[in-house]
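Let me begin by presenting the structure, written as structure tokens, before commenting on it.
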Amino acid sequence: MIKYDIIIIGSGVAGLTAGMYSARAEKSVLIIEENFLGGTTATLENIENYPGFMKINGFDLIQNMVNQCISLGVQIEFCSIKNINYDKNIVNCDKNMFEYKSLIIASGTSPVKLNLKNEDYFKFKGLSYCAVCDGSLYKNKRVIVVTKNLSAEHAIDYLSNLTNDLTILDLSNNYQNENLKVFHDVKIVDLIGEDRLNAVKFISQGNEITLKCDGLFVELGKQSNLKLFKDNLETSYNFLVTDENMHTIIPNVFVAGDIRKKNLRQIVTACSDGAIASTEAIKYLNSIH
Ligand SMILES: Cc1cc2nc3c(=O)[nH]c(=O)nc-3n(C[C@H](O)[C@H](O)[C@H](O)COP(=O)(O)OP(=O)(O)OC[C@H]3O[C@@H](n4cnc5c(N)ncnc54)[C@H](O)[C@@H]3O)c2cc1C
């Protein structure tokens, strides 16, 4: 078992800021990430409201934050957390077990999924949840976008510039676009392919259709990443409740960023939460010594 002063779950801007503050205070720090570095911010094309930059690309901002963390000695581990033992201060990952003195949860939000059995298998093999991140891989290819209640408007605009072969599967009945092939009232029943996704089977207005594709973009909005925490921490409307200093009902567990119940979910407020959570976690560590 590897031991750290502070373990942070999530490498979005909240987690990276908490990591940077914690490492500057000479604490041993591990950030655990289950997906890619930078969370939602890494997927943003243009950020125009982060202080100090008239305009910055999300990926560049994250690259700077990650470099800053690494240069200060923050460790980063990619793994999937199976469970957390809050009594013994242990995070159980698929590959390893980690012990913390203080835990900061910065797990943010994730794309809403289709909930099909082979969906995870096709992720990065033709299926994407982020047009801005992966769209360029499908230039001039056959692309399908899944939308519901106009959730994919930005993604559709973006992909329209990359390919002429764009089909929209509208799970609701709200998306209209005379220039594109649109199926309404869709229920997706299967994702088809061997090594990669190459077709989608769906029902639209009573007809079963199988449509070949090179890429499928599922653009159904975001949901909070609560599953691991909701049985042990206080929640409200699918967010974790803290006081204004990021404290939860467990003295050595803190929360930062979009996963927290609050009014404004932005990069600057996520960074602020991360800084406060780290400062409070350090105070906690000092109090137990
Ligand atoms: C389309 C869009 C545009 C936006 N534009 C702007 C903008 O212009 N300006 C602005 O200020 N804000 C903008 N925002 C909001 C901003 O992106 C978020 O407020 C910010 O990214 C929140 O950061 P976070 O660190 O709290 O969470 P996230 O960015 O969601 O990061 C959470 C991280 O935790 C990881 N994670 C989750 N669960 C686990 C787990 N169990 N184990 C390990 N890792 C886990 C995730 O993979 C992810 O990397 C926008 C948001 C969206 C959706």
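Which of the lysines could be linked to LYS201 by a straight reach, that is with a Cα gap under 19 Å, when you skip same-chain ones fewer than 8 residues away? Within the straight-line limit of under 19 Å, LYS201 reaches these lysines: LYS113, LYS117, LYS123, LYS125, LYS141, LYS148, LYS181, LYS187, LYS212.
Tell me, what % of the accessible area of region 14-100 is carbon and sulfur with a 1.4 angstrom probe? Reported share for carbon and sulfur atoms: 46 percent. Taking a ≥ b ≥ c as the square roots of the eigenvalues of the Cα gyration tensor, region 31-166 is oblate, since a/c reaches 1.5 or more and a/b is not larger than b/c.
Scalar couplings 3J(HN,Hα) for region 24-29, obtained by applying the Karplus form with A = 6.51, B = -1.76, C = 1.60 to θ = phi - 60°, are 5, 8, 6, 8, 7, 10 Hz; x denotes Gly and Pro. Distance from the alpha carbon centroid of region 189-216 to that of region 15-59 works out to 36 angstrom.
First compute the accessible area of region 137-289 with a 1.4 Å probe, then give the percent of it belonging to carbon and sulfur atoms. With neighbouring chains kept in place, the figure for region 137-289 is 44 percent.
The dipole here belongs to the chain: it is taken about the Cα centre, uses +1 on the Cβ of Lys and Arg and -1 on the Cβ of Asp and Glu, and is about 280 debye.
Classify the chain from the C-alpha gyration tensor, please: rounded if a/c falls under 1.5, else prolate or oblate depending on whether a/b exceeds b/c. It comes out prolate by the Cα gyration axes.
So if I take the centroid of the Cα atoms in region 236-254 and the same for region 149-176, what is the distance between those two points in Å? So the separation of the two Cα centres works out to 37 Å.
Sorted largest first, the principal axis extents computed over the alpha-carbon atoms of region 119-218 equal 30, 27, 20 Å. When only Cα pairs below 8 angstrom with a gap of at least 6 residues are kept, region 119-218 shows a relative contact order of 32 percent. In this structure the amide hydrogen of ALA199, modeled in the peptide plane, comes within under 5 Å of the amide hydrogens of ILE192, CYS213, none closer than 5 places in sequence on its chain.
Applied to region 173-188, the Karplus parametrisation 6.51 cos²θ - 1.76 cosθ + 1.60 on θ = phi - 60° returns per-residue 3J(HN,Hα) values of 9, 9, 8, 10, 7, 5, 8, 10, 7, 10, 9, 9, 6, 8, 10, 7 Hz, with x for Gly and Pro.
The label-point distance for LYS227 and ASN118, in a model that sets each label 7 Å from Cα toward Cβ, rounds to 2.1 nm. Entry comment: accessible area of region 119-218 is 53 Å² per residue, from protein heavy atoms only and a probe of 1.4 Å. At a Cβ-Cβ separation cutoff of 4.7 angstrom, cysteine residues of the chain with no neighbouring cysteine are CYS69, CYS213, CYS271.
The values are calculated or read from the model by the stated rules, or taken from the named source; none is laboratory data. Keep in mind it's a predicted model, so treat the numbers as computed, not measured. A quick note on method: Cβ atoms are made from the backbone with ideal geometry, for glycine too, and the neighbour counts reach across all protein chains shown. Please note that ligands, DNA and RNA were not included when accessible areas were found on the heavy atoms of the full protein model with its side chains. Shrake-Rupley method; radii C 1.70, N 1.55, O 1.52, S 1.80 Å.
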